[in-house]
Amino acid sequence: MRPMKPDKEISVSTIRIPTASGSIPALVLAPKTGAENVVGVLWIHGGGYIAGMKEMVHASRAVDLVKKFGAVVVSPGYRLAVQRPYPAAAEDCYSALIYMKNHARELGIRRDQIMVGGESAGGGLCAAVCLMARDRACVNIAFQMPLYPMLDDRDTESSRDNHGQVWNTRKNHIAWKLYLRGTPKGHVPAYAAPARAQDVSGLPPAYTFVGDGEPFYVETLHYIEALKSAGIPADVDVYHTDIHAFDMMRPELEISKAAAEKFNRAFAYAREHYFAENA
C-alpha cells in the first residue's frame, strides 16, 4: 500500500471543523509555496464507513492534486459507524464542505471551484455530499471524483457473492449493517446509500475509475450512467482487476499507474472547464 506519510513537498496542517454535534479534526494539504485562489478539494477517506482515518489522504490520489496542480485538499476525520451510524459521517463531511466555503479566503481556495472526491466509502460520501449540497442549496460543487464508490446497500451483480481482494461480499454486508443500523428498516435514504437516489439532476460533473472484478463495479457504472442520463458530463475508466482500491493497495501495477495518469488528466480538464459560483 502507498505509505500514509506526508509528502515532503506538501505542507500539512490540522484544523477543527465545527459540526452540529461539536467538532471534528481535519487535515489541510497545501503547496509549500502557499495557495492563493486555487482549486479546493474536499477529499474523503475510505474504510467501509466503519474504519479508516483522515491520514489516509497521504496514500490517495489527492496528493497529486496538491503536488501537480497546486490545489488545497481538506481531509475530514469524520465519525465512523462503529461509534456513530448514519447520518454522522455524511453530516460531518457536509460540515467540512460548508467550512471550506466559509473559510475559502483563509484556505486560499476559489469559491467557484470547490470540488469533492474520495475513495470507496469516501466515494459514497462524496456522492452523498453532492446530493446534500444540491438539496440544501448552501454550497455549489464544481466537480465530483467518487473513486470506486460504495453507493448501494443492496446486492448488485458484482457485489453479490464477490470474493475479490481487499473487499468482498462478507465485509460489505457487515459494513452496511453497521452504518445503517439507525435507519428505519426498508427506508434507507439516498444520503446514506446514494444509489437509491431517484433524481440525480443538478449534481456536478463526475469522473471515476473502478476494477471490473471488485464489488463496487456495477454500482459505479450505474451511478455514471444515471448522471449521463440526466445530462451531466460523467466518465468512468474500467480496469481489469479484482483488487479493490488497487491504485492505493498496489501502486506498482501498470493499471495503477495508468489510473493515476488518467485521473490527473480528468482533474486537469475539470480545473479548466468546470466552475460553480458560490455567493
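Quick one: in the stretch 135-146, which of the residues that are touching an Asp or Glu at 6+ places or on another chain (Cβ under 9 Å) and part of a loop (DSSP other than H, G, I, E, B) is surrounded by the most Cβ atoms within 10 Å (Cβ to Cβ)? If we take residues in the stretch 135-146 being touching an Asp or Glu at 6+ places or on another chain (Cβ under 9 Å) and part of a loop (DSSP other than H, G, I, E, B), then 142 is surrounded by the most Cβ atoms within 10 Å (Cβ to Cβ). Taking the conditions (1) in a loop (DSSP other than H, G, I, E, B); (2) of a type in the set (Val, Ile, Thr); (3) within 23 Å of residue 108 (Cβ to Cβ) in turn, residue 12 satisfies each one other than (1). The set of residues from the stretch 61-85 being open to solvent by 10 Å² or more (accessible area, probe 1.4 Å) and farther than 23 Å from residue 210 by Cβ comprises 67, 70, 77, 79, 80, 82, 83, 84, 85. Regarding residue 111, is this residue open to solvent by 10 Å² or more (accessible area, probe 1.4 Å), over 17 Å from residue 199 (Cα atoms), part of a strand (DSSP E or B) and in contact (Cβ under 8 Å) with a residue 40 or more places away in the chain? So residue 111 passes the test. Which pairs turn up if I take residues in the stretch 24-44 that are closer than 27 Å to residue 88 by Cα and touching a residue at least 60 places away in the same chain (Cβ under 8 Å) and look for partners that are among the hydroxyl-bearing types (Ser, Thr, Tyr) and crowded, with 21+ Cβ neighbours inside 10 Å with beta carbon separation below 7 Å, at least 6 apart in sequence or on another chain? From the stretch 24-44, the pairs are 24/78; 26/75; 43/60; 43/75.
For the stretch 260-279, a residue qualifies if it is open to solvent by less than 40 Å² (accessible area, probe 1.4 Å) and farther than 30 Å from residue 102 by Cβ, and exactly one does: 260.
The values are calculated or read from the model by the stated rules, or taken from the named source; none is laboratory data. All of these numbers come straight from a predicted model, not from anything done at the bench. Note that we place each Cβ from the backbone using ideal geometry, even for glycine, and neighbour counts take in every protein chain shown. Heads up: the accessible areas ignore ligands, DNA and RNA and are worked out on the full protein's heavy atoms, side chains in. Shrake-Rupley method; radii C 1.70, N 1.55, O 1.52, S 1.80 Å.
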